[in-house]
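The values are calculated or read from the model by the stated rules, or taken from the named source; none is laboratory data. From a predicted model like this one, the values you see are computed outputs, not experimental measurements. Every residue, glycine as well, gets a Cβ built from its backbone with ideal geometry; the counts of neighbours run over all protein chains shown. Surface accessibility is based on the protein's heavy atoms, side chains included, excluding ligands, DNA and RNA. Shrake-Rupley method; radii C 1.70, N 1.55, O 1.52, S 1.80 Å.
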Amino acid sequence: MNEPRFGAHMSIAGGMPVAVERAVAVGSGALQVFVKSSNQWAARPFAAGEIDAFRRAAAEAGIERHLLAHASYLINLASSDDALWERSTQAFGVELDRCAQLGIPSLVVHPGSPKEAGAEEGVRRVALALDRVYAQRGRREVRTLLEITAGQGKVLGGKFEELGAILAKAACEDRLGVCFDTCHAVAAGHDLSSVAAYDATFERLDRAVGLSRLGAFHLNDSKGKLGSRLDRHEHLGRGTVGLDAFRRIVNDRRFRDLPMVLETPKGDDLAEDRENLAVLRGLLAR
């Protein structure tokens, strides 16, 4: 049985192909990137040859089928503010377009917050936004993965049923899936601390959205306790998720073909990524 595709989120500073170089440097079998600045609405045009160079580098590294992009943190598809919703929807469409250009098969996005409008209205707004962006056929080659969140504040996605409701309401549901973030899941109250708890959590996810919808994992430990709703990532084995939970995930045959990427803290030399990736490999059953 092949090993899971472990990787990490890498900076795109210096251009998209440089992110692949960083992934190769730490021995990644998967890669997550932003396709534009994560904290700006505007997207710079790709430089001449940048798209082809990224695609070529990813193919040479053997990770072209295990690429993920993460959407800008400014995007709020659940917003009840019409101006912000319109801007978010347009920006998300641009990111789907950029993924299609780069050959990135999946784009991860936080469902967003409806604030005081309530979860039901937020679900409706997210589904409407997704249907609008997928009305343009060229974007349909890229799958959107709704990320499980810590459920902080009024943010959607801490409850599996909220993700299931979005999938059920969207006409483009065939292009939608889910990204399971271990830090967020535990912070939202989804227990992974024992075999029984792990099985129960994924059974609930299966009922709410279907395990066939899982498209990727973010493997992050959590600074917050179970149910704390604190979105603070920690290095593997140093938080409250626990190495046993990661051991169960990386050895779960149901998830063996999914990209599993780190979003843990790190410096410029990427030493922490190397260490965390070594931890994951050390958890594999031999």
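What the table shows:
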read-out	value
Sites matching chymotrypsin sites (Phe, Trp or Tyr not before Pro) across the range 50-125 that sit in DSSP coil, with at most 15 neighbouring C-beta atoms within 10 Å	73
Farthest positive-ward along the range 94-239 dipole, Cα basis, beta-carbon charges - from 198, 222, 156	156
For peptides 99-106, 278-285, sequence by mean Cβ density within 10 Å, most packed first	99-106, 278-285
The range 13-166, dipole about Cα centre (Lys/Arg Cβ +1, Asp/Glu Cβ -1), debye to the nearest 20	220 debye
Euclidean distance of C-alpha centroids, the range 1-76 and the range 82-127, integer Å	20 Å
Rounded accessible area per residue of the range 51-175, 1.4 Å, Å²	42 Å²
Point-charge dipole on Cβ atoms (K/R +1, D/E -1) for the chain, about Cα centre, debye to 20	280 debye
Spherically averaged projected area of the range 117-239 from its Cα convex hull (nm²)	7.7 nm²
Residue-averaged 222 nm ellipticity for the chain, from DSSP H runs of 4+ at -39500 (n - 2.57), nearest 500	-11500 deg cm²/dmol
Of all accessible heavy-atom area on the chain, the percent that carbon and sulfur account for (1.4 Å)	48 percent
For the range 112-170, with +1 on Lys and Arg beta carbons and -1 on Asp and Glu, the positive-most of 134, 165, 118 along the dipole	134
Sorted peptide list for 60-72, 214-226, criterion being average Cβ within 10 angstrom, highest first	214-226, 60-72
Fraction of beta bridges assigned by DSSP in the chain that are antiparallel (%, nearest 5)	5 percent
